[in-house]
Amino acid sequence: MRTKIVAGNWKMNKNVSESKSLTLDIIANLNAQSQTRVIVSPPATNLATVADTAQGSKVEVAAQNMHQATSGAYTGEISADMIKSTGVEIVILGHSERREYFHENDALLAEKVNAALAAKLEIIFCFGEKLEERKAGKHFEVVKSQLSNALFHLNADAWKSIILAYEPVWAIGTGETASPEQAQEMHAFIRQTLTEKYGTAVAESVSILYGGSVKPENAVEIFSKPDVDGGLIGGASLKAADFIAIVNAA
């Protein structure tokens with residue numbers, strides 16, 4: 001049975017003390033009986049503090065990004081080893097904002113994936129189509145291409161360390177709305193694409209998260225879909241009560 005996962009991406013929000021406070025609030029309100037994996041992703045400056053705060057709890061911590069090189073003259077970047085030295089074992093790669101604002105393409109992301117796996121980091125890999133691609137009917141083509149170019153060079157065993165996160169970029173901050181049925185349709189397509197490449201065993205073992213503006217009000221309906229295994233949560237993860245409600249929905 002696939003693991004249910006709810007991951008909160010805090011993006012460029014919360015300083016060190018605010019991150020610690022939010023982490024403590026989440027820990028204090030988690031259902032101790034829940035089988036859902038709970039992950040939070042603070043800014044890089046706060047990774048060590050949040051990791052220390054979460055130690056011994058059900059909350060896991062992920063970095064928001066990493067460089068593909070092990071070290072070097074890359075001002076402002078962080079390596080896999082730096083992430084691991086904070087006590088963090090998970091990294092988000094390929095987020096739509098990294099692709100859009102920092103021009104990360106599939107070839108670069110394949111390098112980052114390789115570097116993360118070599119360092120034994122678990123990966124939350126993000127992908128998804130833009131509004132114009134959805135309107136042009138190219139959404140399946142775009143998603144398959146993103147997966148193939150960045151991940152399909154890996155062997156089947158590597159997928160034990162990969163969580164997928166589908167982000168319909170067209171449904172985030174555009175006024176457009178993705179329905180739970182559209183989420184399920186794409187998640188089923190993603191799982192079928194994995195089946196064609198790696199077989200049923202791998203495809204059925206990979207958790208596929210939905211990253212399209214999940215909120216407490218819509219989480220239960222979205223998470224009830226058979227191929228949706230949880231969510232990558234943005235804005236709603238910045239308030240402990242909202243985030244906990246989404247975790248409970250899973």
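Here are some notes:
- Residue count for the stretch 115-135 under the criterion of being exposed (fewer than 15 other Cβ atoms within 10 Å of the Cβ) and either acidic (Asp, Glu) or closer than 12 Å to Trp170 by Cα (or both): the result is 2.
- Sole residue being out of contact with any Ser or Thr (no Cβ under 9 Å at 6 or more places or on another chain), modelled with pLDDT of 95 or more and crowded, with 22+ Cβ neighbours inside 10 Å, chosen from Lys112, Lys84: Lys112
- Restricting attention to the stretch 166-221 and to residues that are among the small types (Gly, Ala, Ser), part of a helix (DSSP H, G or I) and without any contact (Cβ under 8 Å) to a residue 60 or more places away in the chain, the residue that is nearest to Glu97 (Cα to Cα) turns out to be Ala171.
Residue-wise test of (1) modelled with pLDDT of 95 or more; (2) under 30 Å from Leu108 (Cβ atoms).
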{"residue": "Thr3", "(1), (2)": "no, yes"}
{"residue": "Lys11", "(1), (2)": "yes, yes"}
{"residue": "Ser21", "(1), (2)": "yes, no"}
{"residue": "Thr53", "(1), (2)": "yes, no"}
{"residue": "Gln64", "(1), (2)": "yes, yes"}
{"residue": "Ser71", "(1), (2)": "yes, yes"}
{"residue": "Ile78", "(1), (2)": "yes, yes"}
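- When restricted to residues that are assigned to a loop (DSSP other than H, G, I, E, B) and either of a type in the set (Ser, Thr, Tyr) or touching a residue at least 40 places away in the same chain (Cβ under 8 Å) (or both), the stretch 120-146 contains 5.
- When Thr53 is tested against (1) outside any loop (DSSP other than H, G, I, E, B); (2) touching a strand residue (DSSP E or B) at 6+ places or on another chain (Cβ under 7 Å), exactly one condition is not met: (2).
- For Lys11, the conditions (1) assigned to a helix (DSSP H, G or I); (2) within 11 Å of Ser237 (Cβ to Cβ); (3) touching a Pro at 6+ places or on another chain (Cβ under 9 Å) all hold with the exception of (1).
- Filter result (part of a loop (DSSP other than H, G, I, E, B) and out of contact with any Gly (no Cβ under 7 Å at 6 or more places or on another chain)) within the stretch 222-250: Ser224, Lys225, Pro226, Asp227, Val228, Asp229, Gly234, Lys239
- Of residues in the stretch 101-119 being free of Cβ contacts under 8 Å to residues at least 40 places away in the same chain and in a helix (DSSP H, G or I), the one farthest from Leu151 (Cα to Cα): Tyr101
- Scanning the stretch 101-152 for residues that are of a type in the set (S, T, N, Q) and closer than 17 Å to Met66 by Cα turns up Asn105, Asn114.
- Screening the candidates Leu47, Leu24 for the property of being buried (at least 21 other Cβ atoms within 10 Å of the Cβ), free of Cβ contacts under 8 Å to residues at least 60 places away in the same chain and not in a loop (DSSP other than H, G, I, E, B) yields one hit, Leu47.
- Looking across the stretch 234-250, the residues that are out of contact with any helix residue (DSSP H, G or I) (no Cβ under 6 Å at 6 or more places or on another chain) and not polar (S, T, N, Q) come down to Gly234, Gly235, Leu238, Lys239, Ala241, Ala245, Val247.
- Among the residues making up the stretch 87-109, those that are over 13 Å from the mean Cα position of the chain (by Cα) and surrounded by fewer than 22 Cβ atoms within 10 Å (Cβ to Cβ) are Gly87, Glu89, Arg99, Glu100, Tyr101, Phe102, His103, Glu104, Asn105, Asp106, Ala107, Leu108.
- The single condition from (1) buried (at least 17 other Cβ atoms within 10 Å of the Cβ); (2) under 30 Å from Met12 (Cβ atoms); (3) modelled with pLDDT of 95 or more; (4) not β-branched (Val, Ile, Thr) that Gln184 fails is (2).
The values are calculated or read from the model by the stated rules, or taken from the named source; none is laboratory data. The structure displayed is predicted, hence computed values, not measured ones. So basically every Cβ, Gly included, is an ideal-geometry build from the backbone, and we count neighbours across all protein chains shown.
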